[in-house]
Amino acid sequence: MENASMGPVFWKTAGLLVLSNVFMTFAWYAHLKNLDGRPWMIAVLVSWAIAFFEYLIQVPANRIGYTQMNLGQLKILQEVITLCVFVPFAVFYMQQPLKLDYVWAAMCIMGAVYFVFRSAT
């Protein structure tokens, strides 16, 4: 399971995780913009409904990825994808300013990618 090459399993997993992450990001944060005047329980129910579709994609993605990646690799891949989805969401959808902090966060995550995906020799 330690051989996480950039083959079809990796790309299928990454593609599915991107899709699930879009749903996750909207479930977690879009209510701050779209439902801010509504009771929080409405936001919870809407978020759960969106998250249902996230899980329909995320669970198969992790099962596919786990055939060739270990748990740590799957988690770090998820974090890379989360940042790649979150930054455009924050800037374009939520109208937040683009910050240099996102670059620093990405560099830290790239360090994590190096350590979990390097060959254990």
Legend entry - Every pair of residues 6+ apart whose Cβ atoms lie under 7 Å, when the first sits in segment 47-66 and is touching a residue at least 60 places away in the same chain (Cβ under 8 Å) while the second is of a type in the set (A, V, I, L, M, F, W, C) and surrounded by 17 or more Cβ atoms within 10 Å (Cβ to Cβ): Tyr66/Leu74
Inset, instruction - Report yes if some residue within segment 80-91 is more than 13 Å from the chain's Cα centre (by Cα), of a type outside the set (D, E, K, R) and closer than 15 Å to Thr25 by Cβ; otherwise report no. - result: yes
Inset, instruction - For segment 9-68, enumerate the residues that are small (Gly, Ala, Ser) and not in a helix (DSSP H, G or I). - result: Gly37
Legend entry - Which numbered condition Val9 fails, given (1) over 24 Å from Ala105 (Cβ atoms); (2) open to solvent by 40 Å² or more (accessible area, probe 1.4 Å): (2)
Inset, instruction - Could you please give the count of residues in segment 53-79 that are among the β-branched types (Val, Ile, Thr), closer than 10 Å to Leu17 by Cα and either in contact with a strand residue (DSSP E or B) (Cβ under 9 Å, 6 or more places away or on another chain) or open to solvent by less than 60 Å² (accessible area, probe 1.4 Å) (or both)? - result: 1
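The values are calculated or read from the model by the stated rules, or taken from the named source; none is laboratory data. Being a predicted model, the structure only gives us computed values, none of them experimental. All Cβ positions, glycine included, derive from the backbone under ideal geometry; neighbour counts span all protein chains shown. Areas reflect the complete protein model, heavy atoms only, side chains present, ligands, DNA and RNA absent. Shrake-Rupley method; radii C 1.70, N 1.55, O 1.52, S 1.80 Å.
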